[in-house]
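Before any comments, here is the structure.
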Amino acid sequence: MKKSILLFTFLLTILSSCEKDHNKNSEECYSNNNAQSIVHDGVIREYILYIPNSYDGTSSVPLMFNFHGFGGSASNYMQEADMRSLAEADTFILIYPQGSCLDGLSHWNACPLGGDNKSNADDFGFIESMITEISSQYNVDMERIYAAGYSNGGMMAYGLANYKSDLIAAVASVSGVMLDCTGPTNHPMPVVHLHGTSDGVLPYNGNNDWNSAQSTLDHWINFNNTVLTPTITSDNNIERYVYDQGDSLVSVEHYKFIGGDHVWFRFNF
């Protein structure tokens, strides 16, 4: 069974929202500093790669993807949701991928191509290409590849859990939801979901366009065969729900921020 401990270190990162730049055109909807590039599906795609100083190549290390929100850039998001100190402390390789342009704003396709998806960008294939590229250069533990993301990036993390579970060990979503496409997840999937009750973009209770936080949780609770009655603890305006005892001992955890907005959350629970 793939290990999932690293996934939860992301909960110690900073509080910030991802800004959208509505002034970018479709040819230049983002700007990244010190980005790597790879050609996938005939398109040059960018990502920011952080190799911690603690990495020496003698043993395999985990790999963490962190996906920006709709309209974001990888370099700005790395400053806002900065996991580099955690990468140093826990020795894992960190990647901030860049979404492609759609009508002047960057985005992620969180469902397979076709149907109602946002565009024809093959983002699942892009992630797989990055894993192939990076694992050919660094000693990556292929059993410990994780995905986290904010907003549309959280949707992307769930998309990978559904359609690339052969590569992804566990996922976390911050102010995101899962879309209606659910795929052939092939192993129990540890999940952490953070959401504010006053989220005005992806409402906590859902609406005609978006699933609710609870419906997203219910999918993984049922899939992982966890307990149906969670252990609940609270600290100030944060409620923590733990659905544990799932298959292969995985759990589904939910952090409910009472009055929380559409942001990347920081807290010490």
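Worth a mention:
- Some residue of the stretch 8-16 being modelled with pLDDT under 95 and more than 16 Å from the chain's Cα centre (by Cα): no
- Residue ID - surrounded by the fewest Cβ atoms within 10 Å (Cβ to Cβ), chosen from residues in the stretch 33-70 that are in a loop (DSSP other than H, G, I, E, B), in contact with a helix residue (DSSP H, G or I) (Cβ under 8 Å, 6 or more places away or on another chain) and without any contact (Cβ under 8 Å) to a residue 60 or more places away in the chain: Asn53
- So Leu228, is it surrounded by fewer than 19 Cβ atoms within 10 Å (Cβ to Cβ) and either among the polar types (S, T, N, Q) or on the phi < 0 side of the Ramachandran plot (or both): yes
- In the stretch 86-141, residue nearest to the chain's Cα centre (by Cα) [restricted to those that are hydroxyl-bearing (Ser, Thr, Tyr) and more than 18 Å from Ser165 (Cα to Cα)]: Tyr96
- Among (1) modelled with pLDDT under 95; (2) in a strand (DSSP E or B) - the single one Glu239 does not satisfy: (1)
- The stretch 208-228, residues that are more than 20 Å from Asn152 (Cβ to Cβ) and touching a strand residue (DSSP E or B) at 6+ places or on another chain (Cβ under 8 Å): Ile221, Asn224, Thr226, Val227, Leu228
- Of the residues making up the stretch 248-259, not a single one is modelled with pLDDT under 95, within 19 Å of Ala147 (Cβ to Cβ) and hydroxyl-bearing (Ser, Thr, Tyr).
- Exactly one residue out of Ser173, Ser198 is touching a residue at least 12 places away in the same chain (Cβ under 8 Å), more than 24 Å from Asn225 (Cα to Cα) and polar (S, T, N, Q): that is Ser198.
- Qualifying residue in the stretch 253-268 (condition: under 23 Å from Thr185 (Cβ atoms) and over 21 Å from the mean Cα position of the chain (by Cα)): no
- Some residue of the stretch 190-208 being part of a loop (DSSP other than H, G, I, E, B), of a type in the set (Gly, Ala, Ser) and within 10 Å of the chain's Cα centre (by Cα): no
- Test: residue in the stretch 156-164 that is out of contact with any strand residue (DSSP E or B) (no Cβ under 9 Å at 6 or more places or on another chain) and surrounded by fewer than 16 Cβ atoms within 10 Å (Cβ to Cβ): no
- Test result for Leu94, hydrophobic (A, V, I, L, M, F, W, C), surrounded by 21 or more Cβ atoms within 10 Å (Cβ to Cβ) and in contact with a Lys or Arg (Cβ under 7 Å, 6 or more places away or on another chain): yes
- Restricting the stretch 231-257 to residues that are touching a strand residue (DSSP E or B) at 6+ places or on another chain (Cβ under 7 Å) and among the aliphatic types (A, V, I, L, M), the residue that is surrounded by the fewest Cβ atoms within 10 Å (Cβ to Cβ): Ile232
- Restricting attention to the stretch 75-89, the residues that are surrounded by fewer than 17 Cβ atoms within 10 Å (Cβ to Cβ) and either within 18 Å of Gly153 (Cβ to Cβ) or touching a helix residue (DSSP H, G or I) at 6+ places or on another chain (Cβ under 6 Å) (or both) add up to 2.
- Residues that are touching a strand residue (DSSP E or B) at 6+ places or on another chain (Cβ under 9 Å) and surrounded by fewer than 21 Cβ atoms within 10 Å (Cβ to Cβ) were ranked within the stretch 167-203; the one that is farthest from Tyr146 (Cα to Cα) is Ser198.
The values are calculated or read from the model by the stated rules, or taken from the named source; none is laboratory data. Just so it is clear, the structure is predicted and the values come from calculations on it, not from any experiment. Every residue, glycine as well, gets a Cβ built from its backbone with ideal geometry; the counts of neighbours run over all protein chains shown.
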